[in-house]
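Input: a single structure, listed below in structure tokens.
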Amino acid sequence: MATFANGRAWVTAALALLILIAQLGWQQSAAKLQIVATTGMIGDMVQRIVGDRADVTTLMGEGVDPHLYKVTVSDVRALADADVVIANGLMLEGRMGDVFAKLRRRGRLVIEAGASLTQTQLLHSDGSHGHPDPHIWMDPTIWSQCAAHVADELSVRDPANASLYRANVAALGREWIDADRAIAQAIASVEPKRRVLVTAHDAFAYFGRRYGVEVTGIQGISTESESGLDDIRRLIDLLVTRNVPAVFVETSVSDKNVLALVEGARARDHTIIIGGSLYSDAMGEAGTPQGTYTGMIKKNAHTIVAALGGDAHRLTTSPAESEGNTK
Ligand SMILES: [Zn+2]
């Protein structure tokens, strides 16, 4: 069976050829803007901004880990046909950097949502080698600024629809302010010493900063990093001394380390439960409330607040919100 010795070279060559073919056929199909979004959170944001004025294809679905994601054969086709590619950036899509560079060299617009954030807005964690934490969607006020940046860039590229993009992004901002308030109120109902969030990897630092929750991931800000026995021991100490009742698994990351933590705490006579499954780097199933950004962050906060003993009733998602991204 033939194998490709160098996967990157293959992607680059295929992309170059397909872009050439797309450019040759471009004049006939110049109607709607063709947009490719990387993660589900980006796809949902962009779909809400453009409505039916552009076609949006999202590469990463439910449960997919963006840190480890590699471009597939069908992605190469979609990327070559795209007028605009919209990514989270900040190296979240760690293995797509070469593809973005290639697309830019070919004159494609690649928008990175995180590019508009200032150094004071960005978080840096230990062991991130100077790179900012890319999990910026975990704070709806920060994500709102990212959406405004994406809408601005799209308006420059597609001025005919600029007023619609600006109106849609303003409505999104209002929706996220409401979600932000509901989350803050629910977190405030958790006993302060129990406002501790332990998850499989360090995806919730922006959430923690926004809502005053101490956050620790067993793995670092990328799932490519390794966690050691010392990390597990340190976390068990934290859970026991603070009498934290629950830890959380994530839908896009293996639960192996979290289960080791629960076992370790039990060995020290501290009973801890899995408080639920959080949507960290991927949203839930399409067509459900947690398949949208707003539903996802509210669902996460609901899971966290309920497991830590707070009052989560304000965060119950209404059926209307699950239809939010189909407008
Ligand atoms: Zn992550």
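The values are calculated or read from the model by the stated rules, or taken from the named source; none is laboratory data. Keep in mind the model is a prediction, meaning the values are calculated, not measured. Here the Cβ is made from the backbone with ideal geometry for all residues, glycine too, and neighbour counts use every protein chain on show.
Points to keep in mind about this one:
- No other residue among Asp133, Asp139 is in contact (Cβ under 8 Å) with a residue 12 or more places away in the chain, surrounded by 19 or more Cβ atoms within 10 Å (Cβ to Cβ) and within 18 Å of Glu224 (Cα to Cα) apart from Asp133.
- If you go through segment 252-273 and keep only what is within 16 Å of the ligand (Cβ to nearest atom), closer than 20 Å to Arg194 by Cα and of a type in the set (Gly, Ala, Ser), you end up with nothing.
- Checking Thr118 against (1) away from the ligand (no atom under 16 Å from the Cβ); (2) touching an Asp or Glu at 6+ places or on another chain (Cβ under 6 Å), the condition it does not meet: (2)
- Test: residue in segment 312-325 that is out of contact with any helix residue (DSSP H, G or I) (no Cβ under 9 Å at 6 or more places or on another chain) and either assigned to a helix (DSSP H, G or I) or surrounded by fewer than 22 Cβ atoms within 10 Å (Cβ to Cβ) (or both): yes
- In summary, Val247 fulfils each of the numbered conditions (1) out of contact with any Phe, Trp or Tyr (no Cβ under 9 Å at 6 or more places or on another chain); (2) modelled with pLDDT under 95 with the single exception of condition (2).
- Taken as a whole, segment 280-287 holds at least one residue that is within 16 Å of the ligand (Cβ to nearest atom), under 22 Å from Val190 (Cβ atoms) and either in contact (Cβ under 8 Å) with a residue 40 or more places away in the chain or surrounded by 20 or more Cβ atoms within 10 Å (Cβ to Cβ) (or both).
- Here the condition is being over 15 Å from Met138 (Cβ atoms) and of a type in the set (Phe, Trp, Tyr); of Tyr206, Tyr165, it holds for Tyr165 alone.
- Meets criteria (at positive phi, away from the ligand (no atom under 16 Å from the Cβ), modelled with pLDDT of 95 or more and not charged (D, E, K, R)) for Gly309: no
- Count of segment 185-230 residues which are in a loop (DSSP other than H, G, I, E, B) and either within 16 Å of the ligand (Cβ to nearest atom) or touching a residue at least 40 places away in the same chain (Cβ under 8 Å) (or both): 16
- Residue count, segment 247-284 (criterion: under 26 Å from the mean Cα position of the chain (by Cα) and acidic (Asp, Glu)): 3
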